[in-house]
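The structure appears right after this line, and notes come after that.
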Amino acid sequence: MMINKRVKKAVIPAAGLGTRFLPATKALPKEMLPIVDIPTIQYIIEEAVQSGIEEILVITNSNKHCMENHFDKSYELEERLMNSGKTKEVKMIDEIANLANIYYVRQKEPKGLGHAILCAKSFIGNEPFAILLGDDVVVNKESKPALKQLIDAYQGVGASVVGVQTVAENQVHKYGIVEPDKRHKTKDERLVKLSGMVEKPKAKEAPSNYAVLGRYVLTPEIFQLLETQEIGAGGEIQLTDAICRLLDTQAVYAYDFEGTRYDVGDKFGFIKATIDFALGREDLKDDVGAYIQQVAQSCKAATKEEKEV
């Protein structure tokens with residue numbers, strides 16, 4: 001086990017079809033859908049970079065070329081912008097192209113998250129590594145990025161760490177749920193040692209309400225398990241199942257990370273993120289805030305009319 005070895009590499013699975021956002025995702029990858037004017041995957045990659053990640057592997061499919069183009073140089077666009085005197089925009093797109101060393105590999109068959117991570121085996125080698133799921137955007141302006149919190153926890157315990165947050169009881173069936181080891185106490189109240197994990201349990205069968213929310217730091221031994229992992233929930237190779245097997249030979253922890261998490265793979269979650277991010281921008285917050293107040297007043301008036309009728 002790679003105790004205290006620095007986490008330098010990250011994997012971002014982005015091979016999904018994005019069916020919940022059809023028809024928009026018929027031609028555009030869901031990871032490229034913009035929250036205001038920045039593609040979702042850019043927020044994910046920026047979090048990785050801010051957490052100290054140096055190399056990133058994105059797992060894609062054959063229909064996601066525009067995602068690769070977004071993080072590449074665009075000499076023609078830069079030249080046109082420069083000729084138009086738009087130096088600020090030139091600097092912005094140049095910074096995007098230089099965020100990190102980004103590599104790509106295709107998941108040739110949609111066999112699930114576990115299989116997607118297995119595609120990164122040769123890239124990772126014998127190192128601990130991070131995983132960031134593109135459906136989860138986490139904002140933590142007051143402190144460290146969510147992934148950095150997990151990396152710091154890994155450095156402290158020298159074992160795999162999964163990122164969790166508390167979810168409502170009626171939501172546990174949507175997530176992998178961790179089972180804390182009640183016999184083991186840690187100095188950090190946000191860190192718990194695990195005795196098990198369950199993929200999308202019924203509410204009555206859930207061992208806790210700590211849901212795994214799209215951030216992991218794992219030891220490379222996970223690949224040996226993924227290679228032999230049987231088909232699980234949804235007819236796919238589940239990463240959760242492999243982590244459960246990892247518990248047989250290694251300690252695995254969960255870290256209740258700080259930050260506001262948006263499920264941008266869900267339409268309402270995507271809308272919430274768009275509103276909140278717009279309200280957080282100096283160039284938009286006044287207009288957006290005024291419009292929200294206008295809509296709220298209209299809804300209130302409509303509700304009053306319905307009651308009177």
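Structure data summary
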| read-out | value |
| --- | --- |
| Region 152-178: number of residues that are among the acidic types (Asp, Glu) and touching a helix residue (DSSP H, G or I) at 6+ places or on another chain (Cβ under 7 Å) | 1 |
| Test: residue in region 181-192 that is open to solvent by 10 Å² or more (accessible area, probe 1.4 Å) and polar (S, T, N, Q) | yes |
| Criterion (open to solvent by less than 80 Å² (accessible area, probe 1.4 Å) and in contact with a Leu (Cβ under 9 Å, 6 or more places away or on another chain)) met by exactly one of ILE93, ILE38, ILE59 | ILE93 |
| Any chance ASP256 is open to solvent by less than 40 Å² (accessible area, probe 1.4 Å), under 26 Å from GLU179 (Cβ atoms) and of a type in the set (D, E, K, R) | yes |
| All positions within region 230-250 that are open to solvent by less than 30 Å² (accessible area, probe 1.4 Å) and not hydroxyl-bearing (Ser, Thr, Tyr) | GLY232, ILE237, GLN238, LEU239, ALA242, ILE243, LEU246, GLN250 |
| Residue selected from region 190-214 under the condition in contact (Cβ under 8 Å) with a residue 60 or more places away in the chain and charged (D, E, K, R), by the criterion nearest to TYR255 (Cα to Cα) | ARG190 |
| Helices (runs of 4 or more DSSP H) (entirely within region 234-309) containing at least 3 residues that are closer than 30 Å to ALA116 by Cα and of a type outside the set (A, V, I, L, M, F, W, C) | 239-246, 267-279 |
| Residue in region 16-35 that is nearest to GLN149 (Cα to Cα), counting only those that are open to solvent by 20 Å² or more (accessible area, probe 1.4 Å) and among the small types (Gly, Ala, Ser) | GLY16 |
| Qualifying position, being exposed (fewer than 13 other Cβ atoms within 10 Å of the Cβ) and on the phi < 0 side of the Ramachandran plot, among ASP266, ASP287 | ASP287 |
| Residues within region 209-225 that are open to solvent by less than 10 Å² (accessible area, probe 1.4 Å), under 12 Å from TYR154 (Cα atoms) and not in a loop (DSSP other than H, G, I, E, B), tallied | 2 |
| Failed item in (1) more than 20 Å from VAL137 (Cα to Cα); (2) at pLDDT 90 or above, with ILE96 passing the rest | (1) |
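For every residue, the table says whether it meets (1) at pLDDT below 95; (2) open to solvent by less than 40 Å² (accessible area, probe 1.4 Å); (3) closer than 14 Å to PRO13 by Cβ.
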site	(1), (2), (3)
ALA116	yes, yes, yes
ASN126	yes, no, no
ILE131	no, yes, yes
GLY134	yes, yes, yes
SER143	yes, no, no
LYS148	no, no, no
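The values are calculated or read from the model by the stated rules, or taken from the named source; none is laboratory data. Note that the coordinates shown come from a computational prediction; the quantities given were computed from them, not determined experimentally. Heads up, the Cβs are rebuilt from the backbone with ideal geometry, glycines too, and the neighbour counts pull from every protein chain shown. The accessibility values were calculated without ligands, DNA or RNA, using every heavy atom of the protein model including side chains. Shrake-Rupley method; radii C 1.70, N 1.55, O 1.52, S 1.80 Å.
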